[in-house]
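*Asks:* Below you will find the structure I want to go over with you.
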Amino acid sequence: MLPRKTDVVVVGGGVIGSSILYHLSKRKIQAVLLEKGELISGTSGACDGLIFLQSKKPGPHLRLAQEGTKRFSNLKDELHFDIEYRNSGGMIVIENDHELEVMERFVAEQQKIGLDISLLDIDQAREKEPSLSEKIFGSTFSPLDGKVNPLLLTHAFIRSAKKLGARVFTDNEVTGIALKSHQVRSVKTGKGEIETTTIVNAAGAYAPEIGKLVHLDIPIKPRRGQLLVTEPMPPVLNRGVLSAKYIAAKFDPALAETEGEGISIDQTSSGNFLLGSTREFVGFDTRTTHQAMTNIATQAIHIIPQLKDTHIIRAFAGLRPYTPDGLPILGNVDGVEGFIVAAGHEGDGVALSPITGEVIAELVDTNITPISLNEFRLERFNS
Ligand SMILES: Cc1cc2nc3c(=O)[nH]c(=O)nc-3n(C[C@H](O)[C@H](O)[C@H](O)COP(=O)(O)OP(=O)(O)OC[C@H]3O[C@@H](n4cnc5c(N)ncnc54)[C@H](O)[C@@H]3O)c2cc1C
């Protein structure tokens, strides 16, 4: 049964809501998480787990990611759970002259702000990853990148939060929020009402629906990503690999139209390869398409020829919570006291989950955050 009252209600049982719940509980703040379906049934259960710094443009996004990445090294011990975090570094594979030109500029920008990243020629790249094709031009390499299992990470946050006293209710859709004098008073679900003065909207691609309940316009759209899963293979790849085209698709959709979407390749701890993923605006449609699967498989074999001998055992799609400027929306909002947004992490929510949980918990607790949230506020879209 839902409790009558709590300090904070977190909406959404994905990696972001779970991290916030854990970090609130660590501060001894009484918190309840409400999830409309099962835990990890949204994007956090249909994604990859790469933690890449080098894929981010210098600026607030990279600064947030740098803070976030630092948190991962201690998380396994803190959560007492093997979240399959590997500080393995990451590479961006370059496949032609044009990409080399773009990536030289990209790397120079990253180096200017002190990021540990270098350009490798084909021999150096293949020395690090011998399975890479002889036909590639080279790659970037950053030792700062890593990877984690998003399902285990979310599960570990929830498990630790519960141990600290947090309560979690699945199959409980938030359908209403009561306000009094522009201040949050309670949260309603089909199964009851909880009195609270603080609600955190961590509903991912569904965050706009929660915003509407308090008449806020939250500009998040679902951006579909399709992924293929291979059968398990013996260890072939040591670290996550992106294609340079993927960077283009992320930052410059016009470039992606001429260059193609690009892919990410990762071999998980269990040996399966995760090959992905598209960046499509098709509403809430989570179907996979033959065209995308063929395109991803073709590109993957081009980069790692050995993959042509393996079988695809599964394909699925998740919905990245996209914002128009690529930054998540974090923090309090003007005009509705006690309503906090923590959503819109697009393709980086797994990587940014520990830092998001930490800053939101600190905001709730002290109203001050360790890093400024000014650039992440919802109000940036008003001007
Ligand atoms: C193909 C793909 C690959 C990706 N790869 C990476 C990667 O390598 N690295 C990385 O960092 N990120 C990656 N991402 C992005 C990452 O998956 C997302 O940013 C992250 O999962 C978002 O988490 P979330 O908790 O905000 O959303 P979700 O996991 O979607 O959680 C939101 C939850 O809110 C619930 N909810 C919605 N409405 C209500 C309501 N009214 N009441 C109660 N509950 C509600 C939903 O059911 C859902 O479970 C990838 C995404 C995709 C699709």
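*Asks:* Looking at Lys5, Lys28, Lys36, which is the one that is within 8 Å of the ligand (Cβ to nearest atom), modelled with pLDDT of 95 or more and of a type in the set (Lys, Arg)? Can you show your working first?
*Replies:* Numbers: Lys5 fails: within 8 Å of the ligand (Cβ to nearest atom); Lys28 fails: within 8 Å of the ligand (Cβ to nearest atom).
None of the other options fit; the residue is Lys36.
*Asks:* Checking Arg320 against (1) within 16 Å of the ligand (Cβ to nearest atom); (2) part of a helix (DSSP H, G or I), which test does it fail?
*Replies:* (2)
*Asks:* Using the structure shown, decide if Gly344 is touching a helix residue (DSSP H, G or I) at 6+ places or on another chain (Cβ under 6 Å), within 20 Å of Asn374 (Cα to Cα) and crowded, with 18+ Cβ neighbours inside 10 Å. Don't jump to the end; show me each part of the working.
*Replies:* Values: touching a helix residue (DSSP H, G or I) at 6+ places or on another chain (Cβ under 6 Å): no; within 20 Å of Asn374 (Cα to Cα): yes; crowded, with 18+ Cβ neighbours inside 10 Å: yes.
No: the conditions fail for Gly344.
*Asks:* Sticking with this structure for a sec: Sort out which residues of region 41-55 are hydroxyl-bearing (Ser, Thr, Tyr) and either surrounded by 24 or more Cβ atoms within 10 Å (Cβ to Cβ) or closer than 16 Å to Arg279 by Cα (or both), and write them in order of number.
*Replies:* Filtering region 41-55 for residues hydroxyl-bearing (Ser, Thr, Tyr) gives 41, 43-44, 55.
Listed by number, the residues that qualify are Thr43, Ser44, Ser55.
*Asks:* Moving on. Just a yes or no: is a residue in region 329-344 in contact with a Cys (Cβ under 7 Å, 6 or more places away or on another chain) and not in a loop (DSSP other than H, G, I, E, B)? Show your work before the answer.
*Replies:* As a first pass, look at region 329-344 and keep what is in contact with a Cys (Cβ under 7 Å, 6 or more places away or on another chain): none.
Taking every residue of region 329-344 in turn, none turns out to be in contact with a Cys (Cβ under 7 Å, 6 or more places away or on another chain) and not in a loop (DSSP other than H, G, I, E, B).
*Asks:* OK, next. Among the listed residues Gly240, Gly211, Gly190, Gly260, which satisfies the condition of being modelled with pLDDT under 95 and either outside the structural domain of Pro305 (by TED's automatic domain parsing) or within 9 Å of the ligand (Cβ to nearest atom) (or both)?
*Replies:* Working: Gly240 fails: modelled with pLDDT under 95; Gly211 fails: modelled with pLDDT under 95; Gly260 fails: either outside the structural domain of Pro305 (by TED's automatic domain parsing) or within 9 Å of the ligand (Cβ to nearest atom) (or both).
Exactly one residue qualifies, and that residue is Gly190.
*Asks:* Looking at Ser181 and the list (1) outside the structural domain of Glu99 (by TED's automatic domain parsing); (2) in contact with a strand residue (DSSP E or B) (Cβ under 8 Å, 6 or more places away or on another chain), which single condition is not satisfied?
*Replies:* Among (1) outside the structural domain of Glu99 (by TED's automatic domain parsing); (2) in contact with a strand residue (DSSP E or B) (Cβ under 8 Å, 6 or more places away or on another chain), Ser181 violates only (2).
The values are calculated or read from the model by the stated rules, or taken from the named source; none is laboratory data. Small disclaimer: the values here were computed from a predicted structure and weren't measured. We place every Cβ from the backbone using ideal geometry, glycine too, and count neighbours over all the protein chains shown.
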